[in-house]
Amino acid sequence: MRRFMLVLAAVAVTVMMAGCAKMPLREDYVYEQPAQAATADDSAGLIYFYRESAFTGGGISYFIFEDATKIGLLKSGTYFTYKATPGKHTYLAETEARSAVTLDVQAGQTYYIEGGINIGMWAGRPQLTEVTKPVADKLLPGLKYIRLSTEEEAAAIREKDRR
């Protein structure tokens with residue numbers, strides 16, 4: 001019986017740890033006004049990543065990766081843009097579960113990926129969906145622009161928070 005309880009406890013700890021994912025910290029991002037409107041060009045495609053503001057799942061944030069590179073962060077009510085090199089790329093979001101969208105990016109084209117949150121066991125599950133421009137155009141004007149912070153900005157935020 002004791003052995004059974006130890007095995008059961010080990011399984012419970014393993015399941016709980018599987019639900020843990022790195023949640024973004026305040027030092028990971030900066031809200032600002034974009035310097036200029038981003039546009040696709042002859043050497044890259046442009047991708048808008050956005051997430052509608054919602055109470056349900058509003059406290060859950062997640063990083064967006066292109067292949068294995070962290071490119072941005074989605075919080076409730078935010079968006080960011082990313083210039084992608086032409087070719088096939090997979091965009092991934094992860095909390096306790098993963099969601100991915102694969103795009104065959106073409107130079108000069110603009111793409112829109114909507115992020116969302118579904119109900120999960122330990123944390124919200126990210127959901128990425130490619131949408132059309134008319135769908136995105138309804139929500140983008142009401143969202144805040146967000147970007148990843150530089151190392152210097154992250155250090156300054158950590159220092160400010162220590163005070």
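Arrange the peptides 102-111, 72-81 so that the one whose residues have, on average, the most other Cβ atoms within 10 Å appears first. Can you show the working numbers first?
Working: 102-111: 15.4, 72-81: 21.7.
Put in order of decreasing packing, that is 72-81, 102-111.
Starting with the highest mean, order 83-91, 132-140 by the number of other Cβ atoms within 10 Å, averaged over the residues of each peptide. Mind dumping the intermediate values first?
Details: 83-91: 15.3, 132-140: 12.9.
In descending order of packing, they fall as 83-91, 132-140.
Rule-based calculations on the coordinates, nothing more; no lab input. Just so we're clear, the structure is a prediction, and the values are computed from it rather than from any experiment. As a convention, Cβ positions derive from the backbone with ideal geometry for all residues, glycine included, and neighbour counts pool all protein chains shown.
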